[in-house]
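Notes for the one structure printed next.
Rule-based calculations on the coordinates, nothing more; no lab input. All of these numbers come straight from a predicted model, not from anything done at the bench. Note that we place each Cβ from the backbone using ideal geometry, even for glycine, and neighbour counts take in every protein chain shown.
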Amino acid sequence: MIVGQQLHPLLEPSPVQLVRKGRRSLARLLAILFAAAAAISVPCASQDFSKAEWLKAAATDKENAKGVKGFLRLDRASRELQFVSDKTTELAIRQDAIKSMVYQAVNEKIAFNPTLVVLWYRLLAPSTKHLFTIQYEASAGSVESAEFRLDKSNYLKALDAVEKQTGKKVEKVKDKH
């Protein structure tokens with residue numbers, strides 16, 4: 001076809017055909033939008049909070065508590081709060097077994113060290129530990145506790161998600177330092 005040349009009147013689409021084509025494309029667009037909205041609104045099966053640390057011996061021996069690095073997972077399907085390290089679940093707490101939850105922000109004081117003279121800004125800004133303790137009923141019927149150190153980048157999201165999923169309030173304790 002040469003530019004500027006018109007099509008034969010029988011080959012040109014009629015106004016009715018143009019409207020039908022427009023309706024089909026509008027229907028496709030709406031179908032895609034509804035499918036995207038449905039995919040976004042479907043809740044995830046689990047929610048992960050990275051850079052967490054489980055302080056294993058914190059309940060019995062605070063001095064020698066060793067930390068296990070991993071992440072906290074809220075599993076909606078099994079209704080559990082899990083601590084996962086190296087792709088294995090180290091600890092799983094049923095949500096109905098949780099008795100209480102406590103959050104505490106603890107300011108660490110940095111001991112003076114001559115090497116810190118070079119890094120003087122570290123002396124001005126003490127670091128904060130975000131500790132999250134859960135008391136729960138173990139399978140044997142005894143009450144146990146698990147303490148986690150959460151990362152500063154996601155501790156608020158983790159606490160809000162735990163409150164929403166369990167329906168129990170997280171008690172927030174202020175540090176007295």
Please rank Ser139, Ser145, fewest neighbouring Cβ atoms within 10 Å first, as an exposure proxy. Ser139, Ser145
With label points set 7 Å from each Cα along the Cα-to-Cβ direction at Gln165 and Ser100, the distance between them in nm comes to 2.3 nm
Please report Ser142, Ser78 as a ranked list, fewest other C-beta atoms within 10 angstrom at the top and most at the bottom. Ser142, Ser78
Rounded to the nearest 0.05, FRET efficiency between Ser46 and Leu26 (Cβ-Cβ, R0 41 Å) equals 0.65
Amide H to amide H, which residues 5 or more places from Thr128 or on other chains are under 5 Å from it, using H placed in the peptide plane? Glu108
Along Cα→Cβ, 7 Å out, is where each label goes; now give me the distance between the ones at Phe34 and Arg79 in nm to one decimal. 3.3 nm
